[in-house]
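Chemist: One structure, pasted below without further comment.
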């Protein structure tokens, strides 16, 4: 049995993935190799030779990735900030750019004791769990309506609770419902959401078109149907001074901030770019309504 150089196997995998149009062929090839070896990407240079069965197993996974099956589905997990969640068919795969929203949100509640955080359209629960892990004193709520996505939501929230993490409260409901979460009225310090926001009919990569649920990707004719519902709800859930952060399509750099500016109870509306310089998410703060401008409010009602 002749062992083969791992670097050669990875180079072959990279060429195959590049030919199939994968955006990051080298990274994906290395991550798949690490998965097969039960190691980490950082440790690969320390493994000069591998057995033929390792090369064969890597080739099988590379073939799947070359069909544009998402890398996260092949690995079975996706990472967002400090958490790793199970993913698969039926739920939207968390993307790295959402970590920017996570970082902003953590900064927004840095000085708030025992913050209340609400994650809308939670999907896998990754964003809610990232806040729960990053702020052990937080009371985190997550909302999801889709039955297929809820399978993954419950799986990940249950795994978090079993590992000793503070439980995340799951609400099963459509964010567009007008009487939603009345028990959280004016009690939330931070509302976050990565909603369906791609305008209907927009071409998307094969990984999205074939694997992500359409209902978790497309947000109506202009992509803002769910975003509008999120903004309406947030103005009621947020305490005065509370923060809102909503991810959006890169074509929404002007339209979504304008939606927020139309709300008299929201201020400090700010647009944020992703690492490629494209508009990615918008933030704002809840202020008192017109009749309450002269009053002071406690940090938590």
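Chemist: I need a count of the residues in region 177-221 that are under 21 Å from residue 285 (Cα atoms) and in a loop (DSSP other than H, G, I, E, B).
Modeler: Residues flagged as under 21 Å from residue 285 (Cα atoms) and in a loop (DSSP other than H, G, I, E, B) within region 177-221 amount to 7.
Chemist: If you don't mind, there's one more thing I want to ask. One residue is enough: does region 285-298 have a residue meeting the conditions buried (at least 16 other Cβ atoms within 10 Å of the Cβ), within 30 Å of residue 202 (Cβ to Cβ) and at pLDDT 95 or above?
Modeler: Taking every residue of region 285-298 in turn, none turns out to be buried (at least 16 other Cβ atoms within 10 Å of the Cβ), within 30 Å of residue 202 (Cβ to Cβ) and at pLDDT 95 or above.
Chemist: Residues of region 65-115 being part of a strand (DSSP E or B) and in contact with a helix residue (DSSP H, G or I) (Cβ under 9 Å, 6 or more places away or on another chain), which ones?
Modeler: 78, 79, 80, 83, 84, 85, 86
Chemist: A further question follows. Give 190, 181 a once-over and let me know the one that is surrounded by 20 or more Cβ atoms within 10 Å (Cβ to Cβ) and either in contact (Cβ under 8 Å) with a residue 12 or more places away in the chain or in contact with a helix residue (DSSP H, G or I) (Cβ under 8 Å, 6 or more places away or on another chain) (or both).
Modeler: Checking each option against the conditions leaves just 190.
Chemist: Return yes when residue 93 is touching a residue at least 24 places away in the same chain (Cβ under 8 Å) and within 17 Å of the chain's Cα centre (by Cα) and no when it is not.
Modeler: yes
Chemist: Restricting to region 102-116, name every residue that is within 27 Å of residue 26 (Cβ to Cβ) and crowded, with 17+ Cβ neighbours inside 10 Å.
Modeler: 102
Chemist: Among the residues that make up region 42-50, is at least one of them part of a loop (DSSP other than H, G, I, E, B) and outside the structural domain of residue 276 (by TED's automatic domain parsing)?
Modeler: Scanning region 42-50, I find at least one residue that is part of a loop (DSSP other than H, G, I, E, B) and outside the structural domain of residue 276 (by TED's automatic domain parsing), so the answer is yes.
Chemist: Could you grab me the full set of residues in region 168-178 that are surrounded by fewer than 14 Cβ atoms within 10 Å (Cβ to Cβ) and either at pLDDT below 95 or closer than 26 Å to residue 272 by Cα (or both)?
Modeler: 177, 178
Chemist: Here's a follow-up. Could you tell me which residue of region 123-155 is farthest from residue 90 (Cα to Cα), considering only residues that are in contact (Cβ under 8 Å) with a residue 40 or more places away in the chain and assigned to a loop (DSSP other than H, G, I, E, B)?
Modeler: Looking at the filtered set, the residue picked out is 125.
Chemist: Can you tell me which residues in region 228-255 are farther than 14 Å from residue 287 by Cα and touching a strand residue (DSSP E or B) at 6+ places or on another chain (Cβ under 6 Å)?
Modeler: Hits for region 228-255 are 230, 245, 246, 247, 249, 250, 253.
Chemist: Counting just the residues of region 222-246 that are assigned to a strand (DSSP E or B) and either outside the structural domain of residue 100 (by TED's automatic domain parsing) or more than 17 Å from the chain's Cα centre (by Cα) (or both), which one comes out nearest to residue 66 (Cα to Cα)?
Modeler: Once the filter is applied, the top-ranked residue is 243.
The values are calculated or read from the model by the stated rules, or taken from the named source; none is laboratory data. These figures come from a predicted structure and were not determined experimentally. As a convention, Cβ positions derive from the backbone with ideal geometry for all residues, glycine included, and neighbour counts pool all protein chains shown.
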